[in-house]
Amino acid sequence: MEFGFAIAIGGLYAAGFYMMLRRNIVKFILGLSLLGHGANLLIFTAAGLTRANAPLTAGGSGTVMADPVPQALILTAIVIGFGVTAYMLVLGGRVSQLSQADDVDALRESERGAE
Amino acid sequence: MLSLSVGIIFITGLAAPYLLPRLGRAAPWLFSLIPLGILAGLLTHIIGSVSTFPWVESLGLTILFRAEGLSYLFAVLITGIGAVVTLYSGGYFHGDSRAGRWFCFLFLFMGSMLGLVLSDNVFSLFVFWELTSITSFLLIGFDHHRPEARAAALQSLLVTAGGGLSLLAGLVLLALITHTTDLGAMVAAEIPNDSPLLPWVAALILIGAATKSAQIPFQFWLPNAMTAPTPASAFLHSSTMVKAGVFLLFRLQPLFESISWWGPALMLVGGLTALTGAWMAVRQHVLKPLLAWSTVSSLGLMVMLIGAGTPEALFAAAVFILAHALYKAALFLVAGILDHETGERDIRRLGGLRQDMPITAITATLSGLSMAGIPLTAGFVAKESMYETLLHAPAYGWMLLVCAVLAGASFAAVAWSVSVKPFHGSRLPTDRHAHDPGSTMFFGPLMLSGLGIAAGTVPSLLLEPHAAASAPTAHHVPHLAAWHGFNLPLLLSAITLALGGVVIWLRHRKAAGDTSSALNKLGTERLYYRAMDLLDRFSTRTANTVQHGLLRIYLFSVLLGAMAILWPLVYRHAAPLDNLITSWAASGAAETRWHEWALLLTMIMAIGATVHARTRLGAVTALGVVGYVIAVIFVLYGAPDLAMTQFVIETLTVILIALSFSHLPPFRDLSPLWVRARDLLFAVTGGVVMTVLTLVALNARKHESVAAYYMENSYNLAHGKNVVNVILVDFRGIDTLGEITVLAIAALGAFALLRTLPGRKRGETP
């Protein structure tokens, strides 16, 4: 099972890398999102996959339960990732609206030093 | 006591801006009492001659202050002239709102300079050396609203601090050779003559000293530094700081004596500097550049004498250092008075001020006599002892003598220009009503001038004891006298004065027509500007190459770097990967249920669809599918909380993306095919690295999970049954607070961006 997951994680990362290297601003944000998914899944898998019960103490002491620590970590990551994506979306939307372009290269004038 | 003295000066400097308004008119007098008190302590030997102060004890660094010999002479100079300049500044900056800042810089410099000459540890010496460069920068750039002041300040800093680096390298090497960091111990150390590093040390230290003391080819910064307020010129740029290089060469002279080129190099550099300074000085018509070039010339003479290297020459150098400080500081202060009271700096437009400024005229005359080297002045005694020494110099004596006589002639001409020309002859009109300044301003220079005469009349009083103490071998020091009778040095003095007279006559004749610019740029300064220009162009080009503004190239570099670091790490741990994969393939395939295979397959197809989609909506939908599949995985593997969060957030993200970019055209292929192919190759490689990383990570657990602790204590300590929730809101509650803050900031940012949409801007025409 883990083998399949490892391939899926590789796929998510590869797609994320590729999309982030595009000039289109929307593709860049989609790539960032894919990269986030890949990272979450990597943490989840690396912590050990188990078809156990959810980590609830009510389940009694005998039952096998999933590790709650990576879950807490991923929960935080999902929410922060959403915050970043949402902000990027608004910023990207605003910038592309102002510059009338979806090409990130069109925005580079502001980054150039004095000639 | 010595370290306390240095400390008190620094503290006074820092407190000056606060003290000044509270002390009122008495402030300059009270401030000048501090260096004066230290001077009194030094002269009466109440302040001991050695004082240690632990600095970085773990490195064995101790600040050892030692006021003996040359250090003592310089300490006396710094505190004495420091007291005069402090008092003078009170009048110069009277009613100026920047006076507090001025006294702060002045005292910081004074403390640094005192620390420099007293330091026996070469590294504390270096720190103080650089501090004097920095305070000099601050003082030169004091009128920071003037571009030329800023340029001159920067130039002096770059030249002297650059030389400081060379000095540091030299001192480090020297410490390695001699196995000590104490200056006294270094000089006394027995260094094998054939030490291969010693010539390098000498060269590096010579460069450092030459930058500080404005020797050729670094002479240009000193005249430019004359944009500083005059008290700074009198203190830093004639009598003390610029002599730091001379001081260092003087102290280290015994170490480098054995190097064959050391003496000739110093004589050459010093002699050329003396001649250049003399030549440039007699071409100036503005008071301060005139004095500055003659200072360059004097510094050259000092270096030349050190190069001659005999005990008599060193003794003569010490006498000259003292005499020069007395008359040059006084003349600078007189120049400041003339500028301050008449508003005129060009000597061609100054004349006949004798009647209106009698005290200034007397001060100028006394110092001028000393500078010209008229008998019964300190300048005369210094010049006589210099000629006497050079007449008996073992090598190159007559060449050095020619340099000294020519420089002396220019001093006589400069002395006439500064102390005779403005005060005699017909009265020329001035912008301001000329009158003598207040007592704060004339008291100090008058004292220095008077001392110059007294020291020249009775050399055994001031000159002889101080100079004798400085010479390394004290037992056969020549006797100084006010009058040696008619001999060869006296004849040379007469020749010098006659030559000076000729120069004055030539200048007087040419003065009317000569309007050439005051600052003739010499070759080496052009080199400085060319270097600065090159540096500018280099940095612009580098910035434009590195900061190209192409996001994807930045990203590419970052990712490439990350992969380059990750790959060897992963590879090292992936050795048993082959059997891992086969065992997983065997056991895992059987274990995996069919719906899990279906999920993974769906995800991989959705990933492909996201990348390949031709429309925005298609890509966003495919991304949503990826997110939902991950959510289902969370459900299957015991993480319902994650699944719920993922569902909500994925939905929100998809909606947001679809809405945010509705104004944009559909996807186009922006990059050419080969770029896409290159990126794809790179991305796939990166993906493979991450896959291997995952497999390695699976096998890398070394410690037990901390989960057991949370499982056990979730209910007992935090009264919550959902362990994930308890971790988030209780065990790691502060982290979650931080997360909430991040979200709040993102929301605020997004809100601010959305509010300023062009269409909604108030009062804007569409």
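Other chains near B:428-440: what is the mean number of their Cβ atoms within 10 Å of each residue's Cβ? Let's see the in-between values first.
On the way: counts 0, 0, 0, 0, 0, 0, 0, 0, 0, 0, 0, 0, 0.
Taking the mean over all residues of the peptide, I get 0.
Listed values for the range B:80-93 are Karplus-derived 3J(HN,Hα) couplings in whole Hz (6.51 cos²θ - 1.76 cosθ + 1.60, θ = phi - 60°), namely x, 5, x, 4, 4, 5, 4, 4, 4, 4, x, x, 5, 9, and x replaces Gly and Pro. Coupling constants for the range B:242-256 follow from the phi torsions by the Karplus curve (6.51 cos²θ - 1.76 cosθ + 1.60, θ = phi - 60°), and in residue order they are 5, 8, 4, x, 4, 4, 5, 4, 4, 5, 8, 3, x, 5, 9 Hz; glycine and proline get x.
Averaged across B:668-674, how many Cβ atoms of other chains sit within 10 Å of each residue's Cβ atom? Intermediate values should be presented prior to the final figure.
Working: counts 4, 3, 8, 5, 0, 0, 0.
Mean shielding by partner chains, rounded to a whole number: 3.
The mean number of Cβ atoms from other chains found within 10 Å of a Cβ in peptide B:612-620 is 2, as a whole number.
Ranked by the mean number of other Cβ atoms within 10 Å of their residues, highest first, the peptides B:332-344, B:174-186 fall in the order B:332-344, B:174-186. Each Cα pair under 8 Å and six or more residues apart adds its sequence gap; the mean of these over the residue count of chain A is a relative contact order of 26 percent. A convex hull fitted to the Cα coordinates of the protein assembly as shown yields 260 cubic angstrom per residue. Neighbours of residue B:17, meaning other residues whose beta-carbon lies under 11 angstrom from its beta-carbon, give a summed charge of +3 when Lys and Arg score +1 and Asp and Glu score -1. Spatial offset of the range B:590-664 relative to the range B:406-423 amounts to 90 Å, using the alpha carbon center of each. For residue A:19, neighbours were defined as the other residues whose beta-carbon sits under 12 Å from its Cβ, and their charges (Lys and Arg +1, Asp and Glu -1) total +4.
What does the net charge come to around residue B:77 if you take all other residues with beta carbon closer than 13 Å to its beta carbon, with K and R at +1 and D and E at -1?
Values: positive: B:243, B:328; negative: none.
So the environment of residue B:77 carries a net charge of +2.
Hydrodynamic estimate: the Kirkwood radius of the range B:592-668 over Cα pairs, inserted into Stokes-Einstein at 10 °C and 1.306 mPa s, corresponds to D of 120 µm²/s. With the crude spin-label approximation of a point 7 Å out along Cα→Cβ, what separation in nm comes out for residue B:260 versus residue B:398? Inter-label distance under the simple model: 2.5 nm.
Take each peptide in B:372-383, B:614-625, count the other Cβ atoms within 10 Å of every residue, and average; sorted highest first, the result is B:372-383, B:614-625.
Rg/Rh for chain A stands at 1.16; both radii use Cα atoms, and Rh follows the Kirkwood definition. Please pull out the direction-averaged projected area of the range B:381-512, using the convex hull of its alpha-carbon atoms, in nm² to one decimal place. Answer in nm², one decimal: 11.4.
Using Cα pairs closer than 8 Å and at least 6 residues apart in sequence, work out the relative contact order for chain B, in percent. Intermediate values should be presented prior to the final figure.
Values: 1042 pairs, mean separation 73.5, N = 766.
So the answer I get is 10 percent.
Loop-resident chymotrypsin sites (Phe, Trp or Tyr not before Pro) (DSSP state other than H, G, I, E or B) in the range B:8-100 with no more than 10 further Cβ atoms inside 10 Å of their Cβ are absent.
Readers should treat all values here as calculations from the given coordinates under stated rules, not as data from a laboratory. Keep in mind it's a predicted model, so treat the numbers as computed, not measured. Glycine gets a Cβ as well: all are built from the backbone with ideal geometry, and neighbour counts include every protein chain shown.
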